[in-house]
Amino acid sequence: MSVISDAREARSATPEAVRSLGARLIPVTLTCYQVAVGDQVRGYLCCTSEGWECCAGRALDTAEDLGVRRTLLEAVRTVMG
């Protein structure tokens, strides 16, 4: 992926882009967000120095690790499945 497309992807992670996937990001801590669709929790995203750590599951302490994604939008797509 080129630097230009990386920049476009980073800019595309707006609240509208996340909502267009049917998701809502709910802050849990300063660096961790819950990904919800309607009333159902799909997983969690936590900001790290490497990107966004993705976890699938209803509770953060028992969630399945899905790896790290470079951009927020890519991370939301990963958790959404």
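The values are calculated or read from the model by the stated rules, or taken from the named source; none is laboratory data. Treat the numbers as computed from the prediction; the structure is a model and nothing was measured. Glycine gets a Cβ as well: all are built from the backbone with ideal geometry, and neighbour counts include every protein chain shown. For the accessible areas, the whole protein counts, side chains as well, though only heavy atoms, and no ligand, DNA or RNA atoms are used. Shrake-Rupley method; radii C 1.70, N 1.55, O 1.52, S 1.80 Å.
Before moving on, here are some points about what is shown:
- Qualifying residue in region 67-74 (condition: within 14 Å of Val18 (Cβ to Cβ), assigned to a strand (DSSP E or B) and not polar (S, T, N, Q)): yes
- Within region 58-76, residues that are over 17 Å from Val41 (Cα atoms) have Cβ atoms under 8 Å from residues that are open to solvent by 100 Å² or more (accessible area, probe 1.4 Å) and not hydroxyl-bearing (Ser, Thr, Tyr) in these pairs: Val68/Glu50, counting only partners at least 6 apart in sequence or on another chain.
- Boolean, Arg70 is open to solvent by 100 Å² or more (accessible area, probe 1.4 Å) and at pLDDT 90 or above: yes
- Residue match in region 25-34 (condition: in contact with a Ser or Thr (Cβ under 6 Å, 6 or more places away or on another chain), at pLDDT 90 or above and open to solvent by 40 Å² or more (accessible area, probe 1.4 Å)): no
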